[in-house]
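Data block below; observations after.
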Amino acid sequence: MCGFAGVARREPRGVAAATLGRMAAALRHRGPDGHGRYAGPRVGLAHVRLSIIDVAGGAQPLGNEDGSVLVVYNGEVYNYRELHAELVAAGHRFRTRSDTEVLVHAYEQWGPAMLDRLNGQFAFAIYDRRNETVFLARDRFGVRPLFYSIAGGDLWFASEAKALFASGEVAAEIDPVGLDQVFTFWAARPPRTVFRGVSSLEPGCFAVWQDGRLRHGRYYELDYPEAGEEPGDAVATLRSLLAGSVGLRLRSDVPVGGYLSGGLDSSIGCALAARESPYALRTFSVTFDDPELDERYFQLLVAQELHSQHFVQGIGPGDVARVFPDVVWHAETPLVRTAPAPMYLLAQLTREHGIKVVLTGEGSDELFLGYDLFKETALRLFCLRQPHSRSRPRLFERLYPYLDARSRRGDFWGRFFLDAGSPDDPLFSHLPRFQLTARIKDFYSGDLRATLAQDDPLDELRAALPSRFSDWSPLNRAAYLEMVTLLSPYLLAAQGDRMSLAHGVEGRFPFLDHRLFEFAARLPAQSKLRGLHEKAILRRAVGDLVPSSVGQRPKQPYRAPDVPAFFNPEPAEYVRELLDGSNLARTGLFEPAAVAGLVRRCHAGLATGFRESQAVVAIVSAELWHRQFIAERAAMQLDPLPMPVLAG
Amino acid sequence: MDEPDILARTRAYVHETFLYMRPGFVLGDSDRLLQRGVIDSMGVMELIGFLRSEFGVVVSDEDITEQNLGTLADIAGYVARKGANGGNGGPG
């Protein structure tokens with residue numbers, strides 16, 4: 001895994017080595033094993049490398065036979081061996097055995113159509129000197145990031161936004177609409193980001209820069225052609241696809257470890273890896289002092305069964321607050337949960353134990369309807385078909401079993417879900433979550449409210465839905481919304497790529513093989529959610545690979561402490577400063593009097609519900625984000641990384 | 001304590017606890033707390049704690065209904081009834 005950055009100028013006026021050096025310095029955590037640059041009259045490229053495949057030969061920027069096509073690349077193309085063979089047969093000559101070089105020749109051979117052939121997680125920039133174009137692309141599900149900005153008529157691009165700002169040519173400014181999306185969906189919706197003028201290339205998309213213009217295209221779209229009945233061989237097919245996906249993701253010249261949450265998905269990945277890996281498996285888990293959040297019992301059960309060498313990152317009082325400024329720096333966005341912080345520490349532990357590649361279970365809940373949100377959607381539809389039923393709403397008491405039992409009883413719990421919106425609304429499934437998250441906006445300053453007066457993030461999302469969305473079943477609509485609003489821009493980004501790459505650790509996601517997604521998308525919903533039993537077919541197909549108590553275990557979402565992380569009972573010094581009225585007034589995002597009320601309730605131990613917990617995290621993270629990126633412009637203070645010229 | 005007093009104290013509590021961040025919010029005594037986004041199910045638990053500490057009223061699980069706790073006026077009426085019945089019974 002790596003990071004890259006670059007610029008494509010409209011006019012051939014050159015690119016300073018120091019500019020590329022500063023951009024690379026901002027990404028150095030992503031690739032501590034090496035770095036290189038190319039600087040031509042129009043285009044400059046910088047790369048920082050985490051060596052995983054062809055450790056000796058994969059340095060970048062990397063060119064084709066005559067150096068007319070150059071690539072900088074972050075990610076993995078798992079089927080690179082097959083593509084290598086195909087391209088050699090077509091007459092291409094390779095100098096390395098890296099997947100990076102496969103990209104160069106694949107581009108020469110197939111042009112942008114190469115993207116259909118790649119199975120992997122990637123973002124890259126290819127500079128074609130023959131026609132002075134830069135071709136940017138990102139993987140189907142958005143595992144790897146790619147940000148860009150057009151400033152001064154030139155295209156700037158990078159794996160993280162901070163590298164754009166480090167150039168000194170792209171200004172870090174607030175995008176209030178992007179912030180409002182974070183406080184609705186948990187993340188800004190690509191292409192929008194929380195920085196004005198900075199875009200995120202959408203998953204499954206590419207862009208071509210030529211003659212000072214950027215043209216966009218999409219090569220992959222999520223679709224749910226749901227079958228009426230489950231195919232007879234579905235269980236066997238699923239098992240085979242999953243084993244194949246794990247097998248591909250074990251392709252590496254360094255040992256591959258596994259994150260083990262204690263749930264079904266990561267356990268399956270680790271179990272398959274333990275069978276196929278040439279190395280003794282090393283597994284890594286987060287544990288919490290708070291027993292409500294802790295899953296160590298199940299983690300140890302799986303680790304023992306797999307005979308893995310198991311390492312644990314304990315999260316105790318003060319840990320989240322201690323690393324939270326670094327977490328926000330790497331995430332580059334305000335957050336509404338602290339859950340990325342333990343992942344940041346877990347990546348640190350993983351790297352300290354010599355592992356730089358880990359398998360992890362993200363994607364399974366979206367593919368196989370694992371989250372309670374899907375049950376909630378089914379139950380809301382069931383209840384709304386007989387709105388006067390007294391018994392049906394009681395079924396809501398079976399949802400979210402990890403929350404306080406008393407708060408899950410009675411009229412209020414059921415009404416919260418039933419009053420959230422109509423099934424005719426395309427966002428029906430997600431309205432309870434979106435509405436709950438949006439309560440953060442109660443703390444907005446008057447100025448921010450006024451700025452956003454014409455903004456409606458829900459309407460914008462409705463308008464952006466694909467035309468076939470209305471043809472999908474309610475559960476598949478929910479699955480789609482989960483993929484595009486949460487998985488890609490938050491779970492894989494702020495909580496995924498940005499946390500693991502902060503320590504030079506690459507996550508690999510067996511459930512996000514596009515063939516597995518397409519298989520799951522064709523299954524009838526009842527194969528996945530049977531009554532209120534989630535991931536039914538997954539349990540049938542591979543449940544035997546894990547201890548039965550894990551195989552039958554209901555979904556336990558990964559959570560981290562929120563208010564107690566910052567008020568224990570006194571706040572950390574930086575939290576006190578950030579929440580002080582004078583700082584809030586200077587920043588202008590939140591109303592000081594409202595925040596003072598929240599702080600009083602935190603001190604008194606009364607801020608225990610979702611609304612206030614998420615508000616604390618949102619306000620602390622937004623103020624940190626503002627301080628680091630907007631007020632102090634920290635990315636511009638970096639010293640350039642001295643970089644060897646590897647191509648040109 | 002009579003019902004208007006209970007209503008006034010409950011109104012003050014709700015503003016202080018659930019509406020401190022929305023100072024301009026106008027909440028009528030008959031406005032539904034859930035539908036107007038004032039309270040959620042976790043908030044209901046907090047409200048129940050308040051009714052116990054402030055008025056000595058223990059709310060049983062069966063009594064956690066919109067009929068009893070749906071509006072400020074409903075809450076005041078419920079607490080007054082419970083008070084009249086000794087704080088632990090009532091029709092709910």
Residue check, A:Tyr148 surrounded by fewer than 22 Cβ atoms within 10 Å (Cβ to Cβ) and either aromatic (Phe, Trp, Tyr) or more than 28 Å from A:Leu115 (Cα to Cα) (or both): no
I'm checking my understanding of the structure. Among residues of the stretch A:39-85 that are more than 20 Å from A:Ser500 (Cβ to Cβ) and of a type in the set (D, E, K, R), which one is modelled with the lowest pLDDT? A:Asp54
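For residues that are outside any helix (DSSP H, G or I) and not aliphatic (A, V, I, L, M), scanning just the stretch A:418-440, find the one that is nearest to the other protein chains (Cβ to nearest Cβ).
A:Asp419
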Of all residues in the stretch A:441-461 being more than 14 Å from A:Pro176 (Cα to Cα) and more than 10 Å from every other protein chain (Cβ to nearest Cβ), which is nearest to the chain's Cα centre (by Cα)? A:Leu461
If you check A:Tyr480 against the conditions, is it within 14 Å of another protein chain (Cβ to nearest Cβ) and surrounded by fewer than 23 Cβ atoms within 10 Å (Cβ to Cβ)? no
Among (1) outside any loop (DSSP other than H, G, I, E, B); (2) β-branched (Val, Ile, Thr); (3) over 17 Å from the mean Cα position of the chain (by Cα), where does A:Ile355 come up short? (1)
Would you confirm whether any residue within the stretch A:396-406 is of a type in the set (Phe, Trp, Tyr) and at pLDDT 95 or above? no
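Residue by residue, here is whether (1) touching a Ser or Thr at 6+ places or on another chain (Cβ under 9 Å); (2) under 24 Å from A:Pro557 (Cα atoms) holds:
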| site | (1), (2) |
| --- | --- |
| A:Leu418 | no, yes |
| A:Ile440 | yes, yes |
| A:Leu465 | no, no |
| A:Arg477 | yes, yes |
Give the stretch A:151-189 a look and list any residue that's hydroxyl-bearing (Ser, Thr, Tyr) and over 22 Å from the mean Cα position of the chain (by Cα), or say none. A:Ser167
Picking from A:Ala635, A:Ala593, which residue would you name as being crowded, with 21+ Cβ neighbours inside 10 Å and aliphatic (A, V, I, L, M)? A:Ala635
Considering residues that are touching a residue at least 40 places away in the same chain (Cβ under 8 Å) and under 9 Å from B:Val38 (Cβ atoms), the number found within the stretch B:10-24 is 1
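For (1) aliphatic (A, V, I, L, M); (2) over 18 Å from B:Glu3 (Cα atoms); (3) facing chain A (nearest Cβ under 10 Å); (4) in contact with a helix residue (DSSP H, G or I) (Cβ under 6 Å, 6 or more places away or on another chain), each residue gets a yes or a no:
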residue	(1), (2), (3), (4)
B:Leu34	yes, yes, yes, yes
B:Glu54	no, no, no, no
B:Asp61	no, yes, yes, no
B:Asn68	no, no, yes, yes
B:Gly83	no, no, no, no
Scanning the stretch A:588-630 for residues that are away from chain B (no Cβ under 14 Å) and part of a helix (DSSP H, G or I) gives A:Val617, A:Val620, A:Ser621, A:Ala622, A:Glu623, A:Leu624, A:Trp625, A:His626, A:Arg627, A:Gln628, A:Phe629, A:Ile630
The condition from (1) in a helix (DSSP H, G or I); (2) within 32 Å of the chain's Cα centre (by Cα); (3) within 14 Å of another protein chain (Cβ to nearest Cβ) that A:Phe374 misses is numbered (3)
Conditions (1) surrounded by fewer than 13 Cβ atoms within 10 Å (Cβ to Cβ); (2) within 13 Å of another protein chain (Cβ to nearest Cβ); (3) within 26 Å of A:Arg394 (Cα to Cα): number failed by B:Ser30: (2)
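Could you please let me know if B:Leu72 is facing another protein chain (nearest Cβ under 10 Å) and modelled with pLDDT of 95 or more? Give the steps one after another, and end with the answer.
Details: facing another protein chain (nearest Cβ under 10 Å): no; modelled with pLDDT of 95 or more: yes.
It is false that B:Leu72 is facing another protein chain (nearest Cβ under 10 Å) and modelled with pLDDT of 95 or more.
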Scope the stretch A:496-548; condition over 30 Å from A:Pro325 (Cα atoms) and polar (S, T, N, Q); matching residues: A:Gln526, A:Ser527, A:Ser548
Output for the stretch A:387-417, where each listed residue is in a helix (DSSP H, G or I), at the interface with chain B (Cβ under 10 Å from one of its Cβ atoms) and surrounded by fewer than 18 Cβ atoms within 10 Å (Cβ to Cβ): A:Ala405, A:Arg406
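The values are calculated or read from the model by the stated rules, or taken from the named source; none is laboratory data. Remember, predicted model here, so these are calculated numbers, not experimental data. In this analysis, Cβ positions are derived from the backbone assuming ideal geometry, glycine residues included, and neighbour counts consider all displayed protein chains.
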